[in-house]
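Worksheet: the structure to be examined is printed underneath.
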């Protein structure tokens with residue numbers, strides 16, 4: 001990373017949250033706070049953001065956050081940005097993953113990246129997942145994606161993968177196989 005980059009505070013997503021300050025081209029990471037459904041994780045994130053801001057004596061140019069407006073990290077980012085008089089910039093979840101890998105490896109030329117980590121709010125307001133993106137510094141485009149599936153239980157499906165497998169079976173017209181394959185996991189009686 002080069003020192004021509006602006007100083008940016010990034011507030012992270014909902015699950016496995018951590019924050020990062022990019023200052024003079026150097027990333028400074030917070031500890032991992034955990035999932036922001038836990039009030040203690042929210043308190044820890046707020047403390048980390050204030051500590052990271054204190055480590056940027058010249059201030060920040062912007063505060064980055066997930067696109068999801070209901071995330072605590074997004075709401076906190078918008079509030080901090082308003083208080084500091086800097087822009088709050090929403091970043092699509094899968095774009096953030098690919099951009100992070102680019103930054104980690106010092107890649108500055110455009111790449112085509114595939115993010116398969118689960119769901120993130122898309123720029124169209126829909127849930128996105130399995131994203132093929134073209135990403136360049138300061139620009140990106142969605143090239144394609146896996147066929148959408150229902151997300152049984154919402155974010156719980158990220159921690160209980162059988163739910164996504166059941167959704168895939170349902171989408172394939174094999175709903176009858178769900179109990180046979182996953183009945184023991186969910187307390188149903190497997191078919192014989």
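The values are calculated or read from the model by the stated rules, or taken from the named source; none is laboratory data. Being a predicted model, the structure only gives us computed values, none of them experimental. Please note: Cβ atoms are built from the backbone with ideal geometry, for glycine as well, and neighbour counts cover all protein chains shown.
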**The lone exception for residue 108 - which of (1) exposed (fewer than 13 other Cβ atoms within 10 Å of the Cβ); (2) in the same structural domain as residue 133 (by TED's automatic domain parsing); (3) in contact with a strand residue (DSSP E or B) (Cβ under 8 Å, 6 or more places away or on another chain) it fails** = (3)
**Prompt:** How do the pairs read when you match residues in segment 168-187 that are free of Cβ contacts under 8 Å to residues at least 12 places away in the same chain with residues anywhere that are exposed (fewer than 15 other Cβ atoms within 10 Å of the Cβ), using Cβ under 7 Å and keeping only pairs 6 or more apart or on different chains?
**Reply:** 180/190; 180/191; 183/189; 183/190; 184/190
**When residues of segment 130-152 are limited to those that are in contact with a helix residue (DSSP H, G or I) (Cβ under 7 Å, 6 or more places away or on another chain) and modelled with pLDDT of 95 or more, the one farthest from residue 111 (Cα to Cα)** = 131
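Given the criteria over 22 Å from residue 71 (Cβ atoms) and either under 16 Å from the mean Cα position of the chain (by Cα) or crowded, with 17+ Cβ neighbours inside 10 Å (or both), does residue 167 qualify?
On the way: over 22 Å from residue 71 (Cβ atoms): yes; either under 16 Å from the mean Cα position of the chain (by Cα) or crowded, with 17+ Cβ neighbours inside 10 Å (or both): yes.
Answer is yes for this residue.
Matching residues to (1) over 19 Å from residue 16 (Cα atoms); (2) assigned by TED's automatic domain parsing to the domain that holds residue 17:
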residue: 72; (1), (2): no, yes
residue: 121; (1), (2): no, no
residue: 129; (1), (2): no, no
residue: 132; (1), (2): yes, no
